[in-house]
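To start, the structure itself, in structure tokens.
The values are calculated or read from the model by the stated rules, or taken from the named source; none is laboratory data. Note that the structure is a prediction, hence the values are computed from the model and not measured. FYI the Cβ positions are ideal-geometry reconstructions off the backbone, even for glycines, and counts take in every protein chain you see.
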Amino acid sequence: MAISTSTSPDGAPGTAPPDGTGTGAERQRRRTLLHRLDVHGAPYAFVAPFFVVFAAFSFYPLIYTSWISLHRVELSTLNVMEWVGFDNYTALWEDDRFWNALLNTFTIGVLSTVPQLMMALGLAHLLNYQLRGSTFFRVAALTPYATSVGAAALVFTMLFERDFGMINWMLSLVGIDNIDFENNKWAAQTAISTIVIWRWTGYNALLYLAAMQAIPRDRYEAAAIDGASRWQQFLKVTVPGIRSTIVFTIVLSTIGATQLFGEPLIFGQGPNGITGGADNQYQTLGLLLYEEGWKNYQMGRAATVAWAMFLLLIVLFVVQRVVKRVLARKA
Amino acid sequence: MGKVRRKLRTRAVAAVSVVSALGLVVGCGGSDGGGTGGGKKDGKTTITMGLFGVMGFKETGLLDKYMKEHPDVVIKADVAGDEQTYYTALQTHLAAGSGLKDIQGIEIGRAKELSDTQKDKFVDLAGAAGTDHFLPWKQSQVTTEDKKVIGLGTDIGPMAVCYRKDLFAQAGLPTDRDEVAKLWEGDWSKYVEAGKTFKKKSKDDKVAFMDSSSGLFNAMIYGNSQQFYDKKGELIYETNPVVKDAWKLASEAATSDLTAKLRQFQPGWDPGLANSTFASTVCPAWMLAHISEKAGPKNKGKWDVAKAPQGANWGGSFLGVMEKSPVKKEAQDLVAWLTAPEQQAYLFKEIGNFPSSQTALEMPEVVDAKSDYFAGAPIGQIFGTAAKEIPDEQVLGRKDGTIKDIFSQGLTLIEAQGKSPNEAWKTTDKRIQKAAG
């Protein structure tokens, strides 16, 4: 059977082929259709992989989690579900563990994010100078970020150990008694924040550095001619120049802090890690989720915590947008 | 023409990207199809095992011995140090139906939960050849209501008290194991009294009498046939006098500053053993391996074992075979071999894990066993006597393991955080309601 393209490659009208490909006009229309599909359809095909993966690994779990959160269901018997409506949500609202975890997430978040970003800003400012071997220092700044959470947390746990840890040993040199880092609420939260700060400072510093290098040199020159000191240059030129990057890192760090999980889990180790200490003194929302799901095996309650965290992030996002808009209007 | 080809190429690329995206998804979904790790290949059978703590099979070379005797078998054992971590992963694997090993270790605190909710996922080992040598109560712990046996027993945990002779001596306490046993004969509260004497007379105030109050708590409750649950499966910890007494005495030890404020098997405990921060610990037989390993050669001979005030069973494990395993038959053979009397006696001799096999209990290797590390203590005699005092019936409950953890944390509240025993009990009670409800 002859194919249309071989009988009239230039698209000239010929005798209608018997295979039903239609007249020249029809063929023309089909080509236009294919062309349009190509132009408009192909981009969708190209971005499809992400969205297919997103649908399977983010959207579907999200929906499924919300479904589970309306049930009473145990991890070992996921097929047996008992409908309880919004009971899990009201129980969570009345559960002081939830408020405790929320507060801990907030305090650990502040304890880790604020010093971390300040230090990153300073570090980036220093790296921005003409340095010998600057590549080395930049790579070195990124090294902690490349370390796994588990390894970092384990090492820090040993450093912070009560009887034989290095930090208590150093404190004892200046006459300070051993601190029980795990059992003291603020000591534990500070120790956990230290792990977070250690891991993320270099990463944020490099983000800042990239933004700083986009600031035109002549601004600094102009400032220098006007007699601005290095510190004034930093405050009046550098910081305003990278404002959007700072906002970006704040958003990233906030999301990270809300989901804090690995560091406190490993810091406590064993049963105490899961509950965030014997008195839940450093239990974050992530740990509460894990405790409900993988210690108490109540998947419904765990899913409820997950949704509470999700809603919390949305609220944070909205607040951030509002603040940004208000600030922009003022400016 | 060129245009057409280009068009075709774009379409092909588009198609490939869509297909590969779908493939990714399907691929990820399908990766759990195999279920367990082992299999047969090129005439070799690979059996995978998931273990925890010091069960000893790998450590003492038993697995190597089996592989030597069966050249066509390769055993891959994965040992998690911490049982809680191990069990959490096992639960997740069971729920997902993937990532399971052919053989999985089961700790006694989880036995009831697994035989209640997961029995279909384990091979029934009832009546398997050559497996009728276990202590009856041991076997009954993993027998489901319809008489299915989901695991074979490894060790049991008769209790004694491990103590440091040198530290007892400097506090003016006796050091001979018989005299030490007399100090607290018949009553755990005498053990706490001994601790008070120790504290008063000790010349080194950095050394505590015992490691943790939760060890004492465990020893006391496991001497009774009912602990947290009754036979009907109802929670009775609130009213059970055994639990109340144990809580009272353990919190007394905690508030009298007799403990090193450590948590067994958690950070600080191992260096505590190595650096001698406490003089005694309540030790089930299986703990001897851990102590000798962590306290190290420099403390050899300083440790000794004395009879506990009351017989009790703390812990002990089982080995189960997964129904999904592609090498079920071979895995069963391995489990039967590992839990056979000869191997149990060998493990006891090597690392002190006490046999759950009646046959093994009567073997001279067990009866006459002495421990070099523990100053030549006749551990066969001491633990053997203790094993006979273990109640014949032990009622297990679904959340035993979790409840034990919560009680340990409750005692930590008193010990390390300065909460009052009353306040700590309230918190503990609330947590158990949450966890078990």
Looking at A:ARG162, is it closer than 30 Å to B:PRO267 by Cβ, among the basic types (Lys, Arg) and more than 21 Å from the chain's Cα centre (by Cα)? yes
Within the range B:299-391, which helices (runs of 4 or more DSSP H) (wholly inside it) include 2 or more residues that are surrounded by 24 or more Cβ atoms within 10 Å (Cβ to Cβ)? B:328-338, B:341-351, B:379-388
If we keep just the residues of the range B:276-297 that are without any contact (Cβ under 8 Å) to a residue 24 or more places away in the chain and part of a helix (DSSP H, G or I), which is surrounded by the fewest Cβ atoms within 10 Å (Cβ to Cβ)? B:PRO297
With A:THR254, A:THR245, A:THR238, A:THR304 as the choices, which residue is assigned to a helix (DSSP H, G or I), among the polar types (S, T, N, Q) and within 14 Å of another protein chain (Cβ to nearest Cβ)? A:THR304
Quick check on my filter: what residues within the range B:74-88 are more than 9 Å from chain A (Cβ to nearest Cβ) and either within 19 Å of the chain's Cα centre (by Cα) or assigned to a helix (DSSP H, G or I) (or both)? B:ALA77, B:ASP78, B:VAL79, B:ALA80, B:GLY81, B:TYR86, B:TYR87
Under 9 Å between Cβ atoms, at least 6 apart or on separate chains: pull out the pairs that start in the range B:139-161 with a residue that is basic (Lys, Arg) and end on any residue that is in a strand (DSSP E or B) and at pLDDT 90 or above. B:LYS148/B:PHE122
Taking the condition of being over 26 Å from B:GLY418 (Cα atoms) and out of contact with any helix residue (DSSP H, G or I) (no Cβ under 7 Å at 6 or more places or on another chain), how many residues in the range B:227-268 meet it? 7
Check whether at least one residue in the range B:25-42 is more than 14 Å from chain A (Cβ to nearest Cβ), closer than 23 Å to B:GLY352 by Cβ and either modelled with pLDDT of 55 or more or touching a Leu at 6+ places or on another chain (Cβ under 7 Å) (or both), and report yes or no. no
Out of B:LYS328, B:LYS302, B:LYS294, report the one residue that is at pLDDT 95 or above and not aliphatic (A, V, I, L, M). B:LYS302
Kindly list, by first and then second residue, each pair from a residue in the range A:143-167 that is polar (S, T, N, Q) to a residue that is part of a helix (DSSP H, G or I), limited to pairs with Cβ atoms under 8 Å and residues at least 6 apart or on different chains. A:THR143/A:GLY202; A:THR147/A:ARG199; A:THR157/A:ILE266; A:THR157/A:PHE267
Going through the range B:397-423 one residue at a time, which ones are out of contact with any helix residue (DSSP H, G or I) (no Cβ under 8 Å at 6 or more places or on another chain) and either over 22 Å from B:ASP211 (Cβ atoms) or in contact (Cβ under 8 Å) with a residue 24 or more places away in the chain (or both)? B:ALA416, B:ASN422
Residue by residue through the range B:424-437, note down the ones that are in a helix (DSSP H, G or I), within 11 Å of chain A (Cβ to nearest Cβ) and free of Cβ contacts under 8 Å to residues at least 40 places away in the same chain. B:THR427, B:THR428, B:LYS430, B:ARG431, B:GLN433, B:LYS434, B:ALA435
Which listed residue, of B:LEU273, B:LEU249, is assigned to a helix (DSSP H, G or I) and closer than 21 Å to B:SER292 by Cα: B:LEU273
Only residues that are more than 21 Å from the chain's Cα centre (by Cα), among the aliphatic types (A, V, I, L, M) and within 18 Å of B:GLN394 (Cβ to Cβ): list them for the range B:223-253, please. B:LEU235, B:ILE236, B:VAL242
Checked the range B:254-273 for anything within 17 Å of the chain's Cα centre (by Cα) and more than 8 Å from chain A (Cβ to nearest Cβ); matches are B:GLN264, B:TRP269, B:ASP270
So is A:ARG329 within 14 Å of another protein chain (Cβ to nearest Cβ) and charged (D, E, K, R) or not? no
Give the residue that is farthest from the chain's Cα centre (by Cα), with candidates limited to residues of the range B:402-423 that are crowded, with 22+ Cβ neighbours inside 10 Å and more than 9 Å from every other protein chain (Cβ to nearest Cβ). B:ILE414
Among the residues of the range B:274-304, which ones are β-branched (Val, Ile, Thr) and either within 14 Å of chain A (Cβ to nearest Cβ) or farther than 20 Å from A:PHE164 by Cβ (or both)? B:THR277, B:VAL282
